[in-house]
1. Over what distance in Å are the Cα centres of the range 137-152 and the range 43-58 separated?
2. Got a sec to turn the phi values of the range 134-149 into Karplus ³J(HN,Hα) couplings, 6.51 cos²θ - 1.76 cosθ + 1.60 with θ = phi - 60°, whole Hz, x for Gly and Pro?
3. Rounded, prolate or oblate: pick one for the range 88-139, where a ≥ b ≥ c are the square roots of the eigenvalues of its C-alpha gyration tensor, a/c under 1.5 means rounded, and failing that, prolate if a/b is larger than b/c, else oblate.
4. Going by amide H atoms built from the backbone, whose H comes under 5 Å of the H on Val116, apart from near neighbours?
5. Between their Cα atoms, which of Lys48/Lys320; Lys223/Lys297; Lys59/Lys107; Lys77/Lys294; Lys59/Lys143; Lys69/Lys146 are more than 20 Å away from each other?
6. Across all directions of projection, what mean area in square nanometres is found for the Cα convex hull of the range 47-188?
7. Step through the residues of the range 37-45 one at a time and calculate ³J(HN,Hα) from phi using the Karplus curve (6.51 cos²θ - 1.76 cosθ + 1.60, θ = phi - 60°), rounding each to whole Hz and writing x for Gly and Pro.
8. In terms of solvent-accessible area of protein heavy atoms at a 1.4 angstrom probe, what is the ranking of Glu25, Glu20, Glu291, highest value first?
Amino acid sequence: MKKTILATAILLAGAANAAEVYNNEGTSVSLGGSFRGNTVIQDSDNVKFQDAGSRFDIKASKDVAEGVKAFGQMEVKYNGKSGDTLYINNAFVGLSHDVYGTVALGKQMGLNDDLVMNDFSYENGVYNEDNALFGSDSEDQLKYTKAFAGATVVVSLMDQDTYAIGGTYEVAGLTLGASYNIANDRVVTTEKEVLTVVGTNVVKTKVGTSVKTDNSTYIVGAKYSLDALTLGVQYQASEVGKEDFSAYGLGAHYQLGQAGVYAMYDVLDGKYDDAVIKGDGSIIVVGADYELVKDVKAYIEFDSSDFDVDGKASSKSDEKVTIGGRVYF
(Lines give C-alpha, C1' and ligand atoms only; values in the text may rest on other atoms or scores of the structure.)
Protein backbone atom coordinates (compact mmCIF):
# COMPACT_ATOMS: atom_id res chain seq x y z
CA MET A 1 0.00 0.00 0.00
CA LYS A 2 2.73 2.53 0.43
CA LYS A 3 4.66 5.44 -1.05
CA THR A 4 3.17 6.53 -4.38
CA ILE A 5 2.79 10.32 -4.33
CA LEU A 6 6.32 10.79 -5.70
CA ALA A 7 6.19 7.89 -8.15
CA THR A 8 6.47 10.15 -11.19
CA ALA A 9 9.50 11.95 -9.78
CA ILE A 10 11.14 8.63 -8.98
CA LEU A 11 10.46 7.44 -12.51
CA LEU A 12 12.23 10.41 -14.03
CA ALA A 13 15.16 10.17 -11.64
CA GLY A 14 15.52 6.42 -12.21
CA ALA A 15 14.31 3.83 -9.73
CA ALA A 16 16.95 2.55 -7.35
CA ASN A 17 16.47 -1.08 -8.38
CA ALA A 18 15.68 -0.60 -12.06
CA ALA A 19 18.19 -1.81 -14.64
CA GLU A 20 18.68 0.30 -17.76
CA VAL A 21 18.51 -2.01 -20.76
CA TYR A 22 18.62 0.60 -23.54
CA ASN A 23 20.01 4.12 -23.89
CA ASN A 24 20.52 5.77 -27.26
CA GLU A 25 20.04 9.26 -28.65
CA GLY A 26 18.04 10.52 -25.68
CA THR A 27 15.87 7.43 -25.33
CA SER A 28 16.21 5.16 -22.31
CA VAL A 29 14.35 2.01 -21.24
CA SER A 30 14.65 0.29 -17.86
CA LEU A 31 13.20 -2.83 -16.25
CA GLY A 32 12.56 -3.38 -12.57
CA GLY A 33 10.31 -5.02 -10.05
CA SER A 34 10.33 -7.51 -7.22
CA PHE A 35 9.57 -11.13 -6.45
CA ARG A 36 7.64 -11.54 -3.20
CA GLY A 37 6.53 -14.51 -1.15
CA ASN A 38 5.40 -15.20 2.39
CA THR A 39 4.07 -17.77 4.82
CA VAL A 40 1.10 -16.74 6.98
CA ILE A 41 0.63 -18.73 10.19
CA GLN A 42 -2.54 -18.28 12.22
CA ASP A 43 -2.39 -21.59 14.03
CA SER A 44 -1.19 -25.15 13.42
CA ASP A 45 -4.27 -25.84 11.28
CA ASN A 46 -4.12 -22.63 9.26
CA VAL A 47 -0.84 -22.10 7.40
CA LYS A 48 -0.67 -20.48 3.96
CA PHE A 49 2.28 -20.44 1.55
CA GLN A 50 1.72 -17.78 -1.10
CA ASP A 51 2.99 -15.13 -3.46
CA ALA A 52 2.76 -11.68 -1.88
CA GLY A 53 2.26 -9.43 -4.89
CA SER A 54 5.25 -10.03 -7.18
CA ARG A 55 5.50 -7.48 -9.99
CA PHE A 56 7.63 -6.07 -12.77
CA ASP A 57 7.62 -2.73 -14.54
CA ILE A 58 8.86 -1.18 -17.74
CA LYS A 59 9.86 2.48 -17.80
CA ALA A 60 10.84 4.57 -20.81
CA SER A 61 11.78 8.21 -21.36
CA LYS A 62 12.62 10.28 -24.43
CA ASP A 63 14.28 13.71 -24.64
CA VAL A 64 11.88 16.01 -26.50
CA ALA A 65 13.65 19.34 -26.09
CA GLU A 66 16.03 20.97 -23.64
CA GLY A 67 14.56 20.36 -20.19
CA VAL A 68 11.56 18.44 -21.57
CA LYS A 69 11.04 14.67 -21.51
CA ALA A 70 8.27 12.34 -22.58
CA PHE A 71 7.93 9.22 -20.46
CA GLY A 72 5.82 6.15 -19.94
CA GLN A 73 5.52 3.35 -17.41
CA MET A 74 3.67 0.05 -17.06
CA GLU A 75 3.59 -2.14 -13.96
CA VAL A 76 2.26 -5.70 -14.16
CA LYS A 77 1.36 -7.36 -10.87
CA TYR A 78 0.52 -10.91 -9.83
CA ASN A 79 -2.67 -11.67 -7.94
CA GLY A 80 -3.07 -15.16 -6.54
CA LYS A 81 -5.99 -14.40 -4.24
CA SER A 82 -8.69 -14.94 -6.87
CA GLY A 83 -6.85 -17.31 -9.18
CA ASP A 84 -3.48 -17.17 -10.87
CA THR A 85 -3.80 -13.88 -12.74
CA LEU A 86 -1.63 -11.02 -13.92
CA TYR A 87 -3.08 -7.54 -14.15
CA ILE A 88 -1.90 -4.06 -15.04
CA ASN A 89 -1.53 -2.06 -11.84
CA ASN A 90 -0.20 1.12 -13.48
CA ALA A 91 0.08 2.26 -17.08
CA PHE A 92 0.54 5.91 -18.01
CA VAL A 93 2.32 8.40 -20.27
CA GLY A 94 3.40 11.96 -19.59
CA LEU A 95 5.58 14.99 -20.10
CA SER A 96 8.01 16.56 -17.65
CA HIS A 97 9.62 19.98 -17.64
CA ASP A 98 12.50 21.07 -15.44
CA VAL A 99 10.64 24.24 -14.43
CA TYR A 100 6.92 23.64 -14.91
CA GLY A 101 6.60 20.15 -13.43
CA THR A 102 5.14 16.87 -14.65
CA VAL A 103 1.83 15.82 -16.22
CA ALA A 104 0.92 12.12 -16.40
CA LEU A 105 -2.17 10.54 -17.99
CA GLY A 106 -3.38 6.97 -17.47
CA LYS A 107 -3.88 4.37 -14.76
CA GLN A 108 -2.02 5.49 -11.62
CA MET A 109 -2.23 5.29 -7.84
CA GLY A 110 -3.94 8.12 -6.02
CA LEU A 111 -2.41 10.42 -3.42
CA ASN A 112 -3.19 8.75 -0.11
CA ASP A 113 -0.71 5.87 0.06
CA ASP A 114 2.34 8.06 0.50
CA LEU A 115 0.79 9.65 3.57
CA VAL A 116 0.62 6.40 5.56
CA MET A 117 3.70 7.59 7.42
CA ASN A 118 3.28 5.42 10.50
CA ASP A 119 3.22 2.15 8.55
CA PHE A 120 6.63 0.44 8.32
CA SER A 121 5.22 -3.06 7.84
CA TYR A 122 5.40 -5.27 4.76
CA GLU A 123 2.05 -7.05 4.89
CA ASN A 124 -0.11 -5.43 7.57
CA GLY A 125 -1.88 -2.18 8.40
CA VAL A 126 -5.50 -1.07 8.13
CA TYR A 127 -5.36 2.27 6.34
CA ASN A 128 -6.55 3.03 2.83
CA GLU A 129 -8.52 -0.19 2.59
CA ASP A 130 -11.32 1.74 0.84
CA ASN A 131 -9.23 3.81 -1.57
CA ALA A 132 -11.53 3.01 -4.51
CA LEU A 133 -14.36 4.89 -2.79
CA PHE A 134 -12.42 8.15 -3.00
CA GLY A 135 -10.59 7.86 -6.33
CA SER A 136 -7.27 7.15 -4.61
CA ASP A 137 -6.85 3.58 -5.84
CA SER A 138 -5.05 2.62 -9.05
CA GLU A 139 -7.32 4.07 -11.74
CA ASP A 140 -7.33 6.29 -14.83
CA GLN A 141 -6.57 9.92 -14.05
CA LEU A 142 -4.77 13.09 -15.12
CA LYS A 143 -2.12 13.96 -12.54
CA TYR A 144 0.03 17.08 -12.22
CA THR A 145 3.12 17.08 -9.98
CA LYS A 146 5.34 20.03 -9.11
CA ALA A 147 8.36 19.89 -6.80
CA PHE A 148 10.12 22.94 -5.41
CA ALA A 149 12.28 23.79 -2.36
CA GLY A 150 11.57 20.60 -0.44
CA ALA A 151 7.85 20.59 -1.26
CA THR A 152 5.86 18.50 -3.70
CA VAL A 153 2.31 19.38 -4.78
CA VAL A 154 0.05 16.91 -6.61
CA VAL A 155 -3.33 17.50 -8.24
CA SER A 156 -5.35 14.63 -9.73
CA LEU A 157 -8.53 14.61 -11.83
CA MET A 158 -10.23 11.22 -12.27
CA ASP A 159 -13.47 12.49 -13.83
CA GLN A 160 -15.76 15.51 -13.59
CA ASP A 161 -16.93 14.36 -10.13
CA THR A 162 -13.71 12.95 -8.67
CA TYR A 163 -10.55 14.89 -7.89
CA ALA A 164 -7.82 15.25 -5.27
CA ILE A 165 -5.11 17.63 -4.12
CA GLY A 166 -2.23 16.94 -1.78
CA GLY A 167 1.47 17.24 -1.17
CA THR A 168 4.45 16.77 1.10
CA TYR A 169 7.10 18.99 2.61
CA GLU A 170 10.51 17.89 3.88
CA VAL A 171 12.87 19.84 6.12
CA ALA A 172 15.61 18.80 8.57
CA GLY A 173 14.51 15.16 8.82
CA LEU A 174 10.82 16.04 9.17
CA THR A 175 8.28 15.11 6.48
CA LEU A 176 4.75 16.54 6.54
CA GLY A 177 1.98 15.56 4.17
CA ALA A 178 -1.74 15.99 3.52
CA SER A 179 -4.31 15.22 0.85
CA TYR A 180 -8.01 15.83 0.27
CA ASN A 181 -10.16 13.66 -2.01
CA ILE A 182 -13.66 14.32 -3.36
CA ALA A 183 -15.61 11.59 -5.15
CA ASN A 184 -19.19 12.56 -5.96
CA ASP A 185 -21.62 10.11 -7.60
CA ARG A 186 -19.23 7.26 -6.79
CA VAL A 187 -20.67 3.81 -7.44
CA VAL A 188 -20.59 1.70 -4.26
CA THR A 189 -21.47 -1.99 -4.41
CA THR A 190 -23.19 -3.35 -1.31
CA GLU A 191 -23.97 -6.92 -0.39
CA LYS A 192 -26.98 -8.18 1.51
CA GLU A 193 -27.58 -11.69 2.78
CA VAL A 194 -30.82 -13.21 1.50
CA LEU A 195 -32.42 -16.35 2.95
CA THR A 196 -34.32 -18.64 0.57
CA VAL A 197 -36.03 -21.96 1.22
CA VAL A 198 -35.06 -24.80 -1.12
CA GLY A 199 -37.08 -27.89 -0.23
CA THR A 200 -36.49 -28.37 3.47
CA ASN A 201 -33.24 -26.37 3.51
CA VAL A 202 -32.64 -22.67 4.15
CA VAL A 203 -29.98 -21.34 1.76
CA LYS A 204 -28.02 -18.16 2.41
CA THR A 205 -26.97 -16.14 -0.65
CA LYS A 206 -25.39 -12.71 -1.07
CA VAL A 207 -27.01 -10.24 -3.45
CA GLY A 208 -25.04 -7.27 -4.73
CA THR A 209 -26.61 -3.84 -5.17
CA SER A 210 -24.94 -0.77 -6.70
CA VAL A 211 -25.73 2.70 -5.40
CA LYS A 212 -24.21 6.16 -5.96
CA THR A 213 -22.86 8.13 -3.02
CA ASP A 214 -21.00 11.39 -2.48
CA ASN A 215 -17.73 10.56 -0.72
CA SER A 216 -14.77 12.48 0.66
CA THR A 217 -11.66 11.82 2.73
CA TYR A 218 -8.68 13.72 4.04
CA ILE A 219 -5.49 12.39 5.52
CA VAL A 220 -2.56 14.08 7.24
CA GLY A 221 0.72 12.48 8.18
CA ALA A 222 4.10 13.32 9.69
CA LYS A 223 7.39 11.47 9.88
CA TYR A 224 10.62 12.40 11.66
CA SER A 225 13.99 10.71 11.21
CA LEU A 226 16.94 11.15 13.53
CA ASP A 227 19.95 8.96 12.80
CA ALA A 228 18.70 5.34 12.92
CA LEU A 229 15.28 6.13 14.43
CA THR A 230 12.17 7.09 12.44
CA LEU A 231 8.81 7.99 14.02
CA GLY A 232 5.54 8.38 12.13
CA VAL A 233 1.94 9.42 12.80
CA GLN A 234 -1.19 9.96 10.75
CA TYR A 235 -4.89 10.76 10.93
CA GLN A 236 -7.63 10.11 8.39
CA ALA A 237 -11.33 11.06 8.32
CA SER A 238 -13.78 9.86 5.66
CA GLU A 239 -17.41 10.20 4.63
CA VAL A 240 -19.27 7.72 2.43
CA GLY A 241 -22.76 8.99 1.75
CA LYS A 242 -24.29 9.62 5.17
CA GLU A 243 -21.76 7.43 6.97
CA ASP A 244 -18.48 8.66 8.44
CA PHE A 245 -15.46 7.02 10.02
CA SER A 246 -11.92 7.95 11.05
CA ALA A 247 -8.57 6.40 11.89
CA TYR A 248 -5.24 7.27 13.43
CA GLY A 249 -1.94 5.52 13.94
CA LEU A 250 1.54 5.65 15.44
CA GLY A 251 4.67 3.85 14.29
CA ALA A 252 8.41 3.58 14.83
CA HIS A 253 11.35 2.04 12.97
CA TYR A 254 14.94 1.57 14.14
CA GLN A 255 17.76 0.55 11.80
CA LEU A 256 20.57 -1.66 13.14
CA GLY A 257 23.01 -1.99 10.25
CA GLN A 258 21.51 -4.51 7.83
CA ALA A 259 18.67 -5.27 10.27
CA GLY A 260 15.66 -3.21 11.23
CA VAL A 261 12.95 -3.46 13.88
CA TYR A 262 9.59 -1.71 13.77
CA ALA A 263 6.21 -1.45 15.44
CA MET A 264 2.92 0.30 14.75
CA TYR A 265 -0.48 0.78 16.34
CA ASP A 266 -3.58 1.61 14.29
CA VAL A 267 -7.06 2.50 15.54
CA LEU A 268 -10.27 2.69 13.49
CA ASP A 269 -13.25 4.64 14.79
CA GLY A 270 -15.86 2.92 12.68
CA LYS A 271 -15.00 0.26 10.10
CA TYR A 272 -16.53 0.48 6.63
CA ASP A 273 -18.04 -2.78 5.38
CA ASP A 274 -20.71 -3.26 2.71
CA ALA A 275 -21.79 0.40 2.95
CA VAL A 276 -22.38 0.06 6.70
CA ILE A 277 -20.17 1.32 9.51
CA LYS A 278 -19.52 -1.60 11.85
CA GLY A 279 -17.98 -0.81 15.21
CA ASP A 280 -14.40 0.06 16.04
CA GLY A 281 -11.12 -1.78 15.90
CA SER A 282 -7.38 -1.72 16.34
CA ILE A 283 -4.27 -3.54 15.19
CA ILE A 284 -0.79 -3.89 16.65
CA VAL A 285 2.14 -4.94 14.46
CA VAL A 286 5.68 -5.81 15.57
CA GLY A 287 8.29 -6.87 13.04
CA ALA A 288 11.90 -7.15 12.00
CA ASP A 289 13.72 -7.39 8.67
CA TYR A 290 17.22 -8.19 7.50
CA GLU A 291 18.96 -7.33 4.22
CA LEU A 292 20.90 -10.47 3.33
CA VAL A 293 22.63 -8.72 0.44
CA LYS A 294 21.69 -5.61 -1.49
CA ASP A 295 18.06 -5.80 -2.68
CA VAL A 296 17.37 -9.15 -0.95
CA LYS A 297 15.32 -8.87 2.26
CA ALA A 298 13.77 -11.31 4.72
CA TYR A 299 11.25 -10.28 7.36
CA ILE A 300 8.99 -11.59 10.11
CA GLU A 301 5.89 -9.85 11.46
CA PHE A 302 3.44 -10.49 14.26
CA ASP A 303 0.09 -8.73 14.28
CA SER A 304 -2.92 -8.81 16.53
CA SER A 305 -6.21 -7.21 15.46
CA ASP A 306 -9.50 -6.82 17.27
CA PHE A 307 -12.63 -5.39 15.62
CA ASP A 308 -16.22 -5.11 16.76
CA VAL A 309 -18.75 -7.10 14.78
CA ASP A 310 -22.04 -5.37 13.87
CA GLY A 311 -21.51 -2.90 16.66
CA LYS A 312 -21.06 -5.64 19.27
CA ALA A 313 -17.70 -6.07 20.98
CA SER A 314 -15.82 -9.12 19.77
CA SER A 315 -14.37 -11.44 22.39
CA LYS A 316 -11.93 -12.89 19.86
CA SER A 317 -8.82 -11.22 18.53
CA ASP A 318 -7.13 -12.39 15.34
CA GLU A 319 -3.41 -13.06 15.60
CA LYS A 320 -0.96 -14.25 13.00
CA VAL A 321 2.71 -14.44 12.13
CA THR A 322 3.95 -13.63 8.63
CA ILE A 323 7.39 -14.75 7.43
CA GLY A 324 8.46 -13.55 4.01
CA GLY A 325 11.12 -12.37 1.64
CA ARG A 326 11.58 -10.04 -1.31
CA VAL A 327 14.09 -9.89 -4.14
CA TYR A 328 14.19 -6.50 -5.87
CA PHE A 329 15.60 -6.02 -9.36
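The values are calculated or read from the model by the stated rules, or taken from the named source; none is laboratory data. The structure displayed is predicted, hence computed values, not measured ones. Ideal geometry is used to build each Cβ from the backbone, glycine not excepted, and the neighbour counts take in all protein chains shown. All accessible areas refer to the heavy atoms of the entire protein, side chains included, with ligands and DNA or RNA removed. Shrake-Rupley method; radii C 1.70, N 1.55, O 1.52, S 1.80 Å.
1. So the separation of the two Cα centres works out to 31 Å.
2. My calculation for the range 134-149 gives 10, x, 10, 8, 6, 7, 5, 6, 10, 10, 10, 10, 9, 10, 7, 6 Hz in order.
3. On the way: a/c = 2.52, a/b = 1.75, b/c = 1.44.
Prolate.
4. Long-range HN contacts for Val116: Lys3.
5. Beyond 20 Å: Lys223/Lys297; Lys77/Lys294.
6. Result: 10.9 nm².
7. Couplings: x, 8, 10, 10, 10, 9, 6, 5, 9 Hz.
8. Per-residue accessible area, sorted high to low, gives Glu25, Glu20, Glu291.
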